Structures are given as structure tokens and as C-alpha cells.
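Quick notes on the structure that follows.
The values are calculated or read from the model by the stated rules, or taken from the named source; none is laboratory data. Because the structure is predicted, anything quoted here is derived from the model rather than measured. So basically every Cβ, Gly included, is an ideal-geometry build from the backbone, and we count neighbours across all protein chains shown. In case anyone asks, the SASA skips ligands and DNA or RNA and just uses the protein heavy atoms, side chains included. Shrake-Rupley method; radii C 1.70, N 1.55, O 1.52, S 1.80 Å.
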Amino acid sequence: MKNSKNAKLFVPILFLVAIVLVIIKAGPFYVINEGEQVVITRFGQIVDTHTEAGLYMRMPFIDTIVTYPKLILSLDGDSQRIPTKENQFIIVDTTSRWKITEPDKFYRSFKTLEAAYNRLSDIIDSSTRTVITQNRLSEIVRSSNIINEKKSESTETDKETAEIESLVNVSTVNESVMRGRNDLCVQMTADANKMLPEYGVQLLDIVPRQIKYSDELTESVYSRMIKERNQVAQAYRSLGEGKKAEWLGRLENEKRRITSEAYRKSEETKGKADAEATRIYSQAYSKDPEFYDFWKSLESYKSTMGKFDATFSTNMDYFKYLYSPDGKRR
């Protein structure tokens, strides 16, 4: 009798233990790690959400745990062909950062991250296209007017720029930036966020990762750039030739001025020397005119006699100092 009663008690206990083991194995507890948030659904309906890390309970076999990241996520958009305000087509490749702020709305809207990526990509592309088509290319690729400000700091550069611009129809001054790339990125983000609250998502930023001309315009743009650079190069050559001619003219004028001044000074010096020589000769002649006459005759003989091929007569005053012992002709 006693063994029969023990057997009857063992079966229910064993059954209860089995139920407890199954429940424990089914997992009445679950853990939310740092950087995660969950949505608890029961028969497809949301019954609770948790955004803080910790240990939580659920109804085994009934409740389903859907985990989403709480961290900031990135989304690389597809390349788009977009016209700017000047109707220049460019290829824009964007990257964005976003996060899930309300997991219950996110679950109702998308359920999976893949679905969210597709929808967010469409919204971001639309916002990017809208903003870019309303602005010039310079506003999209630049954030400030620092290029123009640096050019205005150099007066010499401004003079050369003015001379070059007078020779070619190429302006070296860039368009002024009124808003800039950073402001446009903020506008893109704000426009996109207007459509995201119902999805439980917050878009943190949209940044153009790459901007380039479309393929059909690239060759023509390069050709235009080459043409403009050639024009500028030719303008610099022409400017250089003009400067060269100007400096050569100045050099020639300076050379003539120096030569003329030197010739004037040399003639003045010669004139002074001749005057001084004449004065000295005059003083010497006045002291002994006869010796002076004799000396000058000898100097003349020395310079001329060697050049005579033949002498037919010496009966002339020129040879008066050659035919007497005292040096005088009798």
C-alpha cells in the first residue's frame, strides 16, 4: 500500500518538474545588452518595449523578442544624377547617420532593418535632389569664401589678375558663397526629418561623400578647362613679351643715356687736357721760341721721314735743321 502511494505522488512531482524544466528551457528571462533595445510582441501585437540594458521577463512560447540596435547607424546612398541651379548635371554620392528613437513605431513601420534602409534611402535621395536643384554648384562644393579672401590679400596678385583678365575672357575670381555645403547639408537633414517622426527614426546628418560631373559632361568640361588654361597661358606669354619689350626699351634708353653722358665727360676732359697742354706749350715757347721750334721740327722728322719713299729736293724750310753744324740752314 505504501509503495503504491509513493508511486502516485512521484508521477505528479515528475510531471511538475518536467513542466518547470520546459519553462526554464523556453526562457522566461532575457537580457538586453548595452546598445540594444527590444520590442515584445504577443500574437503579432506590441505589448511592451525596453530601451535600457538589463534582465527582463517574458511569457514563454507566447511573447516574441525583436531586437534593434540603439547605436548610431550609417547609410550609404546610391549615386544620383542631379541637375544644379545652372542646369549642370552632377553625380552625387551621399552618406548618412541615423538612429532608432522609438522602437514600437519602427516595428509598426518596417519590422526589419532592411526595409528601413530602403525607405530611408528613398527619403534621403529625395531631400538631396530637392536641395541641390535649388542651388549653384559652387554652393554645393564649397563651405566658405576663403579662396576669394586670400586672393584679395595680395595687391601684386590683383594687378596681375587684372592684366590677365584684360587679355582673356577667363575670370580668376570665384563665385561668392552665400550658404555653403554645410548649410545645405543641414537643410537636407531637416527636410528629410520632417517625414521620419512617424517611423520612430531620427536622421542625424546627410553628407555628400562624392560630387563629380556626369560622364557625358566630363570630356566637354575637361576640354573647356584645357582651353581656358591655354588662354591664360598665352595671356601670360603675351604679358611677358610685353614686359620684356618694355624692359629692353628702358635698357636701350639707359644705355644711350650712359654712353652720351660718358662721351660728354670724355670730350670735356679732352678739352681741358688740350687747353692745359696748349698753356704749357705756350709757356715753354715763350721761354725759348727757337728751341721750341727746333724740338717740334725733330718730332715732325721722326714721324714723317720714315714714310717718304723718295726725296727729290731738300731745298725747303722744312729741312732747315738738317744741314748745318749748329742745327740751322745757312
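Computed quantities for the displayed model
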{"read-out": "Matching residues in segment 190-223 - criterion: being part of a helix (DSSP H, G or I), surrounded by 13 or more Cβ atoms within 10 Å (Cβ to Cβ) and in contact (Cβ under 8 Å) with a residue 60 or more places away in the chain", "value": "Asp191, Ala192, Tyr199, Leu217"}
{"read-out": "Sole residue being surrounded by 15 or more Cβ atoms within 10 Å (Cβ to Cβ), charged (D, E, K, R), modelled with pLDDT of 75 or more and within 26 Å of Ile124 (Cα to Cα), chosen from Lys85, Lys105", "value": "Lys105"}
{"read-out": "Any hit, segment 58-70, residues being assigned to a helix (DSSP H, G or I), in contact with a Phe, Trp or Tyr (Cβ under 9 Å, 6 or more places away or on another chain) and modelled with pLDDT of 90 or more", "value": "no"}
{"read-out": "Selection status of Leu75, assigned to a strand (DSSP E or B), within 23 Å of Thr189 (Cβ to Cβ) and either open to solvent by less than 50 Å² (accessible area, probe 1.4 Å) or of a type in the set (Asp, Glu) (or both)", "value": "yes"}
{"read-out": "First in segment 229-240 and part of a helix (DSSP H, G or I), second anywhere and open to solvent by 90 Å² or more (accessible area, probe 1.4 Å), Cβ under 7 Å, 6 or more apart", "value": "Ala235/Leu167; Ser238/Leu167; Leu239/Leu167"}
{"read-out": "Enumeration of residues in segment 28-49 that are closer than 18 Å to Lys111 by Cα, open to solvent by 90 Å² or more (accessible area, probe 1.4 Å) and outside any strand (DSSP E or B)", "value": "Phe43"}
{"read-out": "Residue that is among the basic types (Lys, Arg) and farther than 27 Å from Glu34 by Cβ, where the choices are Lys85, Lys70, Lys105", "value": "Lys85"}
{"read-out": "Within segment 92-126, tally of residues that are part of a helix (DSSP H, G or I), over 39 Å from the mean Cα position of the chain (by Cα) and of a type outside the set (Asp, Glu)", "value": "8"}
{"read-out": "Selection within segment 50-68 - farther than 16 Å from Pro103 by Cβ and surrounded by 13 or more Cβ atoms within 10 Å (Cβ to Cβ)", "value": "Pro60"}
{"read-out": "Subset of segment 227-258 [open to solvent by 100 Å² or more (accessible area, probe 1.4 Å) and either under 22 Å from the mean Cα position of the chain (by Cα) or among the small types (Gly, Ala, Ser) (or both)]", "value": "Lys227, Arg229, Tyr236"}
